Structure formats: structure tokens, C-alpha cells
Amino acid sequence: MIDIHHHLLYGIDDGSPDLESSLAMAGEAAQEGVTHIVCTPHANDIYPYHEELIGARLAEMRERLEGMMELSLGCDFHLSADNIDDALTHPLRYSINGKGYLLIEFPNQIIPPGMAEAMFKLRAAGYTLVITHPERYPVVLRQPKFLSEWLRTGCLVQVTAGSLYGSFGRAAEAFANELLERNWIHFVATDAHNPLRRPPHLKRSYEYVSKRAGEETAQRLYFANPRAAIEGRPLPPQPEPLGLWDKEPLKFDARRYTAERPPAPTDRASESNGGDGFKSISRGLWSRIFSR
């Protein structure tokens, strides 16, 4: 299997804190049947994308894991104005292996005005946008129309493996399984952060998807599509996304789950991606992006 969302590089963000943890995570992933990991350090206000340090950590881990695990480089790219401006200035810089597929992360609580136009600019610059864990965004659970609109424009979807069987709460579980049934998922990944609290478990979800949606679907989500992403190729033929072009593509009553407070482990970076961070974005920066 190929895991395209994994915070393996140590001392970079809120993922692996040290070399020992990184080696443990890679070893556990290998035992699960993973042969290739895309290392995806955060790029946000808390954890800037330090290209030189990231490159050094990647080289070190490749040397340590030679013969056991293949590694690629991507990014857990937060859609802030500063990041978007830099990504447009340096086309494909943050994408997987520099070949176009970009994992994008939204704020938890709001989708700022102008986001659709910013995403259009990124696609025009050559990025294929992969929406990470939409089932974990409260704003998407409340307004699933956002997801259908993004898919209609050509965005792809990656859900977190643990979401499928309840690790991130009942709402995320229900939403992820609804997406699975509708063929709205293109990748399943661990979003692993450390060996204990956010471990790199992919095998259980593979077996779950195989049983629920069939072996062909599992092969597509865990092998074929990720392989295309790391090689920068178009995805192989995909099944029809059911209901995507309906007047109301997806109904989801998030209120059924508002009473729950899931014990899902949430990384600091995701917590920081709520509405407050976007309030500080300068209008001038957005203007520069939209004037390109």
C-alpha cells in the first residue's frame, strides 16, 4: 500500500518528535503492508515549510530506511493567503514529488470568501488539488455543498483511514462512509503523527473498504490512485461519483452528532486552522493573488 499523508519527518511539525519515533512509525507502517510513504510536513502559520531542513530530514530517513520503505515528499498545505501566494510564485513546489498533486487543508470552521477563486488559481498553475480529510471539518459536515462544489471543479478527496471506522467520532465515520458509498473518495491515508496517539494504521481500513466496497475499490484507493499521484500521472479511470451532479448532491444532518464530543486526537495545526487565522489575512495579499 501507499500512504500519501504521513507526518514522518521528525522535528518539523507536530508529527514525529524525534528520530526514534520516525523509525518506529516507518517500521509499523511496513508491518501493516505499506511500501511507500509520502512525507507531508505542515505548511501553516505555526509550522512554516523550511525547505532546507525538510530536505535534510528526508535524506536522512531515506538512508535509514533504504531497502525497507520508499519515501516521497509532499506537504500538508494550509490554504492561507501567504501559502497560496508562494505556491503560485513557485509552481508545484509543495506538490507530491513536485509533480502536481497537492494536499490542501482548509480552516475547520469557515470557508473564507474568495477561496474558490484562489483554488482556481492553483489549478491554473498546474496543481491537482487533493482535499484532505473533509469528513473532519465541521464546516463541511454542516455544509456538504462545499465538497460537491470542489469535486465538480476537478478536486480529489483523501479521507483519513481511522475515520472509516470511528476513530475520529461518529460524525466523521458517517460522513466518510457516505463518501465511500458514493465513490467520492480517491485516496485513503493515515495522516499519522506519532506511534501512539496518531499511529500509521492503514491495514484495518484497507480490509474494511475491501469488505464494504469491494477489492477493486480498495486496490484503487490504496494502490493505483496513490501510485499515479507520486508519479504525477492522471488517475486511472474512476467510477461515476454518484449524485454529484444532482441539484442537492449530498444531504448530511450534522445535528444528529452535535451532542457528541469525540475523543479524536487533533493535532495543533488543525486546531489552529479555524476562523481566527484567516481574520488576520491582509486584504492586500488576497488582492495580489486574485490579480494574477
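All Cα-Cα distances of the chain, cut into 5 Å bins from zero to the largest, leave 1, 6, 13, 17, 20, 19, 14, 8, 3, 1, 0 percent in each bin in turn.
Dipole magnitude for the chain: computed about the Cα centre from +1 point charges on Lys and Arg Cβ and -1 point charges on Asp and Glu Cβ, it is near 900 debye.
Scoring 105-113, 227-235, 60-68, 39-47 by mean Cβ neighbours within 10 Å over their residues and listing the highest first yields 39-47, 105-113, 227-235, 60-68. Rounded to two decimals, the Cα-based Rg/Rh of segment 26-184, with Kirkwood Rh, is 0.98.
Each of 35, 147, 100 was scored by the projection of its Cα onto the charge dipole of segment 2-290, and the greatest displacement toward the positive side belongs to 147; charges sit on the C-beta of Lys, Arg, Asp and Glu. How would segment 160-202 be classified by its alpha-carbon gyration tensor: rounded, prolate or oblate, with rounded meaning a/c under 1.5 and the a/b versus b/c comparison settling the rest? Taking the square roots of the gyration eigenvalues as a ≥ b ≥ c, segment 160-202 is oblate. Put simply, the amide H of residue 5, placed in the peptide plane, has neighbours under 5 Å in 38, 190, 191, leaving out anything fewer than 5 places away on its chain.
Within segment 120-213, the trypsin sites (Lys or Arg not before Pro) that combine a DSSP coil assignment with at most 15 other C-beta atoms in a 10 angstrom radius are 197. Structure remark: mean-square fluctuation, Gaussian network model of the chain, C-alpha springs under 10 Å; the largest value among 246, 76, 86 belongs to 246. Considering only 1, 250, 17, the residue lying farthest towards the positive end of the dipole of the chain is 250, judged by Cα position with unit charges set on Cβ.
Length gained on full extension, residue 121 to residue 256, computed as 0.36 nm times the residue gap minus the Cα-Cα distance: 45.0 nm. A helix-only calculation puts the chain at -10500 deg cm²/dmol for mean residue ellipticity at 222 nm, using -39500 (n - 2.57) for each DSSP H run of at least four residues, averaged over all residues. Taking 0.36 nm per residue of separation and subtracting the Cα-Cα distance, full extension of the segment from residue 178 to residue 52 would add 41.3 nm.
List residues of segment 189-217, by number, whose backbone nitrogen lies under 20 Å from a label position 7 Å along Cα→C-beta of residue 233. The answer is 216-217, whose backbone nitrogens lie closer than 20 Å to the label point.
Only the coordinates and a few stated rules stand behind these numbers; no lab work does. Everything quoted here is computed from the prediction, not taken from an experiment. Neighbour counts run over all protein chains shown; Cβ positions are idealised from the backbone, glycine included.
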